[in-house]
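Some notes on the structure that comes next.
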Amino acid sequence: MPKTSARLLSLLSLLQARRDWPGALLAERLGVSPRTVRRDVGRLRELGYPVAAFKGPDGGYRLDAGTRLPPLLFDDGQAVALAVALRTAAATGAAVREDAARALATVRQVMPARLRHRVDTLRVTAVEPAARPHPPVDGTLLMTLSAAVHAGEVLRFDYASASPPRRVEPHRLVSRDGRWYLVAFDLDRADWRVFRADRITPRSPTGPRFAPREVPGGDVAAFVTGRFRGADGSGEWPCRGEVILDLPATTVARHAHDAVVEELGPGRCRLVTGSWSWTALAAGIGRFDAAVEVVGPRELKDAFALLAHRYARAAAGPPGA
């Protein structure tokens, strides 16, 4: 490779590594004179890289955003991380699968053989329930919602399950189980809400700026988890009970998710878990297919009795069968 071309690639790599580079420090790192750095910066500009100069005692250069995306340089770790992110992009539920595939093909084509082999050995499959596939979310919509969050502007939108239009202070865009959600403070209801992104149709323009609020509890992930559990954001299930199972703790723990499992001895363990309702909790415990001793509360025992009655009737079948 010609010496000048190699130096241009080194200069570009340095400019991508940090925002501001004093000219003298660039010259020192490249082993050339400040005049040569100025000439090389001019060559990069001719190639479409928006290199801006800044003045001052340590005047130098920075790589700014331009009107188009120029070629980029990545080190080995960045290239592999980018390829992994592109390969797993389909699992986010965003409608970028085709674009991600094309971008991955572009990155892979210019990778050294050693890196290409590492990427090719990665196989990712996004599994969704066949009965309820998640609808894809348009990437433009996600960018619109994200922009409103970043700008701190009131967002107006039509929501599939509500009328009239909603007015919210958008707080955070989150992804959970392949779906995208907008966490926001609903101005008309004076309360926090979690909206499915695929049901949102934004209205323009956005509203005035607002002073950011703190999500209840201060943790967005815990707040969203709590809302999905039917709680008020505390992260606790509305129904929680304790049982003893005739199974080893190691067996139960593999399928207990966020429950608490305690070993009581060979083949026995204590399970403290929760659910939406008492019947759902009892049915969930029944999936372990083992003898159950209910420690409490009374509502959980009643739920087991109710399910036992229902299952007995189901086993007997209709009268006269």
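Distant-in-sequence amide contacts of Cys269, defined by a placed amide H-H separation under 5 Å and a gap of 5 or more residues or a different chain, comprise Leu245, Leu247, Leu264.
Relative to the present Cα-Cα distance, how much length would full extension add between Asp120 and Ser277 at 0.36 nm per residue of separation?
Working: separation 157, 0.36 × 157 = 56.52 nm, distance 4.54 nm.
Stretched out fully, the Asp120 to Ser277 stretch lengthens by 52.0 nm.
Residue by residue, region 188-196 carries 3J(HN,Hα) couplings of 6, 9, 6, 7, 7, 9, 10, 10, 6 Hz when phi is fed to the Karplus relation 6.51 cos²θ - 1.76 cosθ + 1.60 (θ = phi - 60°); x denotes Gly or Pro.
The stretch between Ala190 and Thr4 holds 60.7 nm of extra length on full extension. This uses 0.36 nm per residue minus the Cα-Cα distance.
Each residue was assigned an accessible area with a 1.4 Å probe, and for Leu14 the value is about 30 Å².
Can you sort Asp186, Asp138 by solvent-accessible area, 1.4 Å probe, largest first?
Working: Asp186 0, Asp138 80 Å².
Heavy-atom accessible area, descending, gives Asp138, Asp186.
For the residues Arg39, Arg199, Arg114, a 1.4 Å probe over the protein chains yields an accessible-area ranking, largest first, of Arg114, Arg39, Arg199.
Computed on the Cα atoms alone, the convex hull of region 205-321 gives a volume of 178 cubic angstrom per residue. Here's how it looks for Tyr61: its modeled amide H is under 5 Å from those of Trp21, Gly23, Phe54, which are all 5 or more places away or on a different chain. Centroid-to-centroid, using Cα positions, region 245-281 and region 164-221 are 35 Å apart. In sequence order, region 290-302 has phi-based couplings of 8, 4, 10, 10, 7, 7, x, x, 4, 4, 6, 4, 4 Hz under the Karplus curve 6.51 cos²θ - 1.76 cosθ + 1.60, θ = phi - 60°, and Gly or Pro positions carry x. Under the convention that each Lys and Arg Cβ holds +1 and each Asp and Glu Cβ holds -1, the size of the dipole of region 234-321 around its Cα centre is about 280 debye. When a/c is below 1.5 the answer is rounded, else prolate if a/b is larger than b/c, else oblate, so apply that to region 191-270 with a ≥ b ≥ c taken from the square roots of the Cα gyration tensor eigenvalues. In terms of gyration-tensor shape, prolate.
Simple rule: put +1 on each Lys or Arg Cβ and -1 on each Asp or Glu Cβ in region 263-315, find the dipole, and look at Thr273, Ala315, Gly284; the Cα lying farthest toward the positive end is Ala315. Measuring only protein heavy atoms, the 1.4 Å probe finds Ile244 accessible over about 20 Å².
Between Phe210 and Val292, the contour length at 0.36 nm per residue exceeds the Cα-Cα span by 24.2 nm. Residue ranking by accessible heavy-atom surface, 1.4 Å probe, largest first, among Lys3, Lys55 comes out as Lys55, Lys3.
The values are calculated or read from the model by the stated rules, or taken from the named source; none is laboratory data. As the structure is a computational prediction, the values presented were derived from the model and not from experiment. Reconstructed Cβ throughout: ideal geometry from the backbone, glycine too, with neighbour counts over all protein chains shown. Heavy atoms of the whole protein, side chains included, go into the accessibility calculation; ligands, DNA and RNA do not. Shrake-Rupley method; radii C 1.70, N 1.55, O 1.52, S 1.80 Å.
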